[in-house]
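Here the structure is laid out as C-alpha cells; the discussion comes afterwards.
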Amino acid sequence: MKLAVEVVQAQDLKPKDGHGTANPFVEVEFAGQRRRTATKFNNLNPQWNETLFFDVVDPLDLPKSTINVSVFHERLSVGSSASRHISFLGRVRLSGSSAAPSRLDAAPQLCPLEKRSLFSNVRGAIDLRLYVVIPDVGYQAADANIPLSTFAPSTPPVESIPSMATHSVPSTVGTIHDTNTLPPKKNKSQRSSSKVKEKERREFHSIGASPATAKSDTSYTTQFFSNHERRQHRPSQFFYRANHEKAEPATAVPATVQATPPPKSDYKIVETKPPLAALLGYLCTCGSDKIKNTFDLVEQMEFLYVRIVRACELPHMNITGSLDPYAVVKLGDITLNTNHRVQNRNPEWNEVFAFSKAQVQAPRVEIVVKDKNLIKDNVVGKTAVEVADLPKRVPPDGPVAPQWYRLRKGNGSADDESYQGRIMMAVWWGTQADEVYPVALHPDSHHLPPAAVHHTRSKVYFSPRMSYLRVNVVSAQDLQVSRPDPQIRVKIQLGTQQQWTQVSPVRSQSPTWKNEAVMLVAAEPFDERLVLTVVDMVSPTKPEPLAKLVVSKSAIRSLNDHHKPLPPQWFTLEKPDGGILNGGGDDHGKLQVALYYDKNYHVLDEPAHFSSDFQPSAKPLRKPDIGMIELGILDARNLAPQLTNNGGGKSANAYCVAKYGRKWVRSRTILGTTSPSWNEQYSWDVHDLCTVLTVAVFNNAYVDSKNNNNARDEYLGKIRIRLSTLEINRVYTYYYPLMVVHPTGLKKTAELHLAVRLTCKSWINTLLLYTKPTYPKMHYLQPIPIQQNNTLRYFTKLSVVAKLARAEPPLRIEVVHHMLDDGSTRFSLRKGKANFQRVLDLFSEAKAFVKWFDDVQNWRKPALTTFVHALFFVFSWMPSLIVPTTFIYLFLLGAWRYRQRSHLPAHVDMSLADTALPDELDEELDNMPMSTRPHEVIMGRYDRLRIVGGRLQGMVGDLANHAERLQALGSWRDPRATTIFAIFSIIMAGIFYLVPFQFLAAVFGLYVMRHPKFRSKTPSAPINFFKRLPGKADMLL
C-alpha cells in the first residue's frame, strides 16, 4: 500500500530573495522517506499539482504516523560551480488518520503554514490532498473519465537522482515530477561527475495492468508483521520519477481501506439561510401568517389536528349490555386509536391526534367507534369529515370549539337516518404553535405503549428554588454526659446531607463553639426536616448520642438582608432515640443555634465558567431582566447513535434539551429517523449577558427498551452559546457539529441546526452591567471556600436531579448530569494538554513582537526601523506621551481588528481529542479507576493523584481563561465589551494628553493608598469589567 500526498498549490508565501518574490518547493517526509516537488521561480502563489508517493509498511500504523510537509525557498548562486542554498518558508504536520481511502474521497485541505522555531518568519498556506493507493489497484483523477495507471511495486532500490539544474526546472502541470529531496553532500571529486550523472537521469513509466496480468508477480498483498518482522521487512529508501503521460489505462478495482476519521473541516459550523420569517421579514413574506410574529425563528409546519372529546348514547353491542368503546381515526393508510373505556356508553377520551401535511394523502378523515372484544372488535358507528372543508387556526386565535357528529351504522349509507350515537370532536388545520401540539399523539409514536408515549412529548421544566441553610452552633447547656471530660460534637443532617462540627474546646456539660457555621442546600418546598444530634466522641469510630433536635421548616427563619443578622435561638433537646417534635418529654439539655435560610447567595448548580444564572435566592435582590434570548431548534442531520437499543441494532430517536437559568426545555422525540425535524422555538429572559445557553441532543432509549427502568438515554453531543459573544438583534442560523469523546477516539454524532437571536431592552443598561459584580454582594462579603463550594454544588445537583425526576415525564438522571457538566473537574490528560496549549498560544503575540523587534534591529525594513528610532527619541525626551500614545494604539488596534472580526459564533473545538491516545481517553472516561492490583493503598493513592491532577488542571485552565480575557479586549468576541474598551481608551488618551502626567500619577497613587473607610468590599468597576470578558473555557469539549 502507498500513501499519496498531492501538493496542489500554496498561497501568500513570504518573500525571500530580496526582490519581493521567492523560489518555493515542497519537501514531504514520511516514515523515513523524503520526496520533493519542482521549484517554482519568482512566485509567491505557486501551483504544483504534483503527487508524491510513499511506501506504507504496515497499514495499521498509518493512523498513528505523522506526515511532515515543509516549504523551502531555493537560493541560487551562479559561478564556476552551481550551488544551492535553501531558506525555510513554513511547515505543516498532518496525521496519517486524515488520509482518505481514495482520491475521489480526498477533500483538499488548506493548511496554514506553521513556524519551525521562535524566530521563524512564516506566512501563507498550502493546499494538500492525502489519500491511500493500493499498488495493484488503479486510482482515478479528479475527472472520473480519465483513469490513471497503477504503480509497479518497488523492487530493488534505485540510485538517488542528483539535484536539478539551477537554470532549468520542469514545472509541467498534471504530471508527477521528481520527488527526491536534497541529495547527500558531495566532495569535490564527486561534484565533477554529478553533471555527467545528471544527463543519465532515469525516468520510470507506469504501465497499466490488464485483467489478464492482474495476478502477475507485481501484485501486492498486504501483510502484517510483528515489531521484529517490521524491522526485517522495512524497504530501503529510494527516489523515483514517474511520468503518467506515457502510462496506459488500468483496470479500476475497489480498494478496501480502514475507515479514517472525518477531516477537521467536518467539525466546523456551517452557516445556513433557511426560509425563516425573522430572516425574510414578516411583511415581505408572501402568504405569511400571524404565526410568524411569535414563531419567527422556525419554519412553519402544518398539521391536521383531530381532537376526540367524548361520545354519548352509544348502543348495546352484546347480550350482556356491556360496551368497551374506543375511537379509531383513519386518514388514508394511517390509523390511530384512543384508549378504550370499560363498560361505558358515554365515554370521555379528550385525546388529540396530529398528522403532518405530508401524511395527509386522503380526501377525508374517518372516525370509527368500535367495541373492544377478545376475538374481534365490532364497529359501533362511524363518521367522516372532508379535509378540504376544514378550518385553519392560527394563534393568537382561540381554540376550535368541538362539535357533535352523528355516528352512522357501519354498513349504512349517507342517507340512512338511523344512527348509533353521537361523538364530540374538533378537526382543524394548525401549526406547531398550537397549544395541543405538545400533547398530541403523532403517527410515529402510535405503536408505543401508553407509558412510553409520555416520554416522547415536549415539555418545559423548572429547577427548584434553592437556598443555603446556615446552621451556626453556639453553645449547649445541661447535657447528660457519662464521663467527666466529654468530647462534644454536633451532627447536622438535612436529607442526604450530613456535616459535623468540630469538637468543642470546652470539655464539660455546657460546651461552646466558635465560628461553627455549617451550610447546607435546601430546595423549595422545604419539606425535609433538619436533625441536629449532639454526640460524645467516646472513640473515633463510635460516637455516643446524647440528645437530638428535630426542627421543622416553619421554625427556620429566612434572611433577605445581610445588614440585619438574625440572633441565635435556644432549643430544647430530646431523647436521641425519638421524642416529641421541638421539645417535650424529659429534659436532655438545651442547644443555642442560629438557623436561617441565607437567601443572599446564589446557589451554584453549574460550573462557574459556563453558568447560566447568577441571581440570588432572595427576590428583592434579583436584577431586572435586560433582554431575551430566543432559540429555534430546527432540525438535525447525519445522526449516528453509538449504542444499541433492546439488542435490535442502533436506532435514532432523538430529542433536544436546552437549559438557561432555572428553565429547562425538552423537544419532542422524533422516532426512527436520522434527520429529525423539530422546528420548536423557546425563549428565556436574560438578566446577565455573561451567561451560557446549553443545548444537548440525546437518543431516547426508553421507547425501545424492554426494561424501561434500566434504559439510559444516549448522549449525542452538546453546544454552549455564550450570550456576550452574540450581536444584538442578529439571527444566527448554523449547523453545529455534535462531537462526543469515546474510548476509541473522537466521534461526530450529528449536526444540529439552530437559530439564535439575542434582544436587549436598553443599550445603556446593558453596558452599565459590565461594571457591576457578577455574583451577589454576599459572595464577596463572606466568600465560600472553594472546597465547600464544590461540596454544596454537588448536593445542589442532587436536588435538581431529584426534582426533575419527579416530573411527568421525568427528565432522566443522565440527562441532567450531562447538562450540568458532571465530571468537568475530573482529571483528563487531554484537557491538561489543551489548557497548556492555550497558555502557549497566549505568548504568540510576544513571540511575534520579538520577531518584529529583530526585524527592526537588523534593518530588514528600513522605513519601519527609521520610524521606530524617531519614536524612541520622542518618548525619551517626552516620557509623558508614552501612556496616551499607548491608549491611542489600543484604540486603533481595536478599530483595525473590528474589520477583521469573525462573524461566526464561537463553537467548541476538538481540544486535542482527535490526537489523544486510546489509553488517555479511557482514563478520562473512567469515573473512578479500580486497579487490578490487590493493594488498596495503591488504588487510593492513584485516586488521590487524579484528584490533585484535576485541581492542577483547573488552575491551568483558570490561568488561561484570565489571559484570554485580556485578548478579548480587542478581539471583538464580545462586541459590547470591546466597544466600551475602545471608548475608554480614546477618553484616557485625551485625559493623558491634556492633564500633566505628574498630576495623574499623584492622583492614581492616592487612590490606590486610600483609607479603608473609602473602600468598598465589592470589586471595583474595572475588575467587574474584566471578569465579564469572555474566555474560551466554554469552548472546551
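Results, tabulated for the structure shown:
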| read-out | value |
| --- | --- |
| Equivalent ellipsoid semi-axes - Cα gyration tensor, segment 307-415, angstrom | 26, 16, 13 |
| With all protein chains modelled, accessible area of CYS760 [1.4 Å, Å²] | 30 |
| Segment 1-126: equivalent-ellipsoid semi-axes (sqrt of 5 x gyration tensor eigenvalues, Cα, Å) | 28, 16, 14 |
| Percent breakdown of C-alpha pair distances by 5 Å bin, ordered from the shortest bin, for segment 807-869 | 4, 13, 12, 10, 9, 8, 8, 7, 7, 5, 6, 4, 3, 2, 2 |
| Formal net charge of residues neighbouring VAL551 (Cβ-Cβ distance under 14 Å; K, R +1; D, E -1) | +4 |
| Most to least packed among 991-1002, 1-12, 270-281 [average Cβ atoms within 10 Å] | 1-12, 270-281, 991-1002 |
| Average projection area in nm² (convex hull over Cα atoms of segment 457-595, one quarter of hull surface) | 10.9 |
| Anisotropy class of segment 949-1025 from Cα gyration tensor, a/c 1.5 cut | oblate |
| Cα gyration tensor, segment 429-471 - rounded (a/c under 1.5), prolate or oblate | oblate |
| By average C-beta atoms within 10 angstrom, highest first, the peptides 854-861, 777-784 | 777-784, 854-861 |
| Amide H partners (placed H, <5 Å) of ARG310, local residues excluded | TRP349, ASN350, MET424 |
| Charge dipole of segment 742-884 about the Cα centre (unit charges at C-beta), most positive-ward option of TRP877, ALA848, LEU792 | LEU792 |
| Hydrodynamic radius (Kirkwood) for segment 669-782, which is based on Cα pairs only, to one decimal in Å | 17.6 |
| Two-site FRET efficiency, GLN499 against GLN477, from Cβ-Cβ distance with R₀ of 22 Å, rounded to 0.05 | 0.45 |
| Cα Rg, Dmax, segment 18-73, angstrom units | 14.1, 47 |
| Charge sum, other residues only, whose C-beta stays under 15 Å from ASP485's C-beta, Lys/Arg counted +1 and Asp/Glu -1 | +1 |
| Charge context of GLU351, other residues only, Cβ under 14 angstrom, K/R +1, D/E -1 | +3 |
| Alpha carbon Rg of segment 854-902, scaled by the compact-globule rule 2.2 N^0.38 Å | 1.42 |
| Segment 300-412, accessible area per residue, ligands and nucleic acids excluded (1.4 Å, Å²) | 54 |
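The values are calculated or read from the model by the stated rules, or taken from the named source; none is laboratory data. Bear in mind that the values here come from a model prediction, so they are computed numbers and not experimental data. Because the Cβ atoms are built from the backbone with ideal geometry, glycine has one as well, and the counts that use them run over all protein chains shown. Ligands, DNA and RNA are excluded from the accessible area calculation, which covers all protein heavy atoms including side chains. Shrake-Rupley method; radii C 1.70, N 1.55, O 1.52, S 1.80 Å.
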